[in-house]
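The values are calculated or read from the model by the stated rules, or taken from the named source; none is laboratory data. Quantities reported herein were computed from a predicted structural model and do not represent experimental measurements. As a convention, Cβ positions derive from the backbone with ideal geometry for all residues, glycine included, and neighbour counts pool all protein chains shown. Side chains are part of the model used for accessible areas, which takes the heavy atoms of the whole protein and leaves out ligands, DNA and RNA. Shrake-Rupley method; radii C 1.70, N 1.55, O 1.52, S 1.80 Å.
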Amino acid sequence: GKDVNLQDVFEDYPKIRPIDFLIRKNGVPVAVGLIRYDSDRGGSQEDDRISGYNNVVKEITSYVEEHDLNLKIIFVNDGPGLLLGSMWDDYISLEEINTSRVMVLTSKMLDSRFTQKWIDSLGTT
């Protein structure tokens, strides 16, 4: 489907930032997410993607902290490309930017890691 633009969610969001999904609770945005299927393994494409995602995390985190919002950032990744250990390690390093605000998942991890408790927790480290 069509991407959601964060400027359509937050009127004063400073950049055009497409996201793949938005989760609201009682009408209030609580999480934004990006979904990727990695059919290939590693290489410069992996490095570029992780670098771009790193920038996305920092940009969104800066905005939500400036506006005192409790918004989470979720990356859902699947595909054979994740079988390469370094690729998963690179993805999971995104969580280290802010462990209470950022989560990386595969579709098989949704039930075990993505919980209401995590969504409701404060997004501060």
- Every pair of residues 6+ apart whose Cβ atoms lie under 7 Å, when the first sits in the range 100-113 and is closer than 14 Å to L34 by Cα while the second is among the hydrophobic types (A, V, I, L, M, F, W, C) and not in a strand (DSSP E or B): V102/V57; V102/L94; M103/F114; M103/W118; V104/I92; V104/L94; L105/F114; T106/L82
- Selection from the range 48-101 of residues open to solvent by 60 Å² or more (accessible area, probe 1.4 Å), touching a Ser or Thr at 6+ places or on another chain (Cβ under 9 Å) and assigned to a loop (DSSP other than H, G, I, E, B) yields T99
- Message: I'd like to verify a number: residues in the range 1-18 that are at pLDDT below 95 and under 20 Å from L105 (Cβ atoms), how many?
- Response: 3
- Message: If I filter the range 19-41 for residues that are under 21 Å from K2 (Cα atoms), acidic (D, E), surrounded by 11 or more Cβ atoms within 10 Å (Cβ to Cβ) and modelled with pLDDT of 90 or more, do I get at least one hit?
- Response: yes
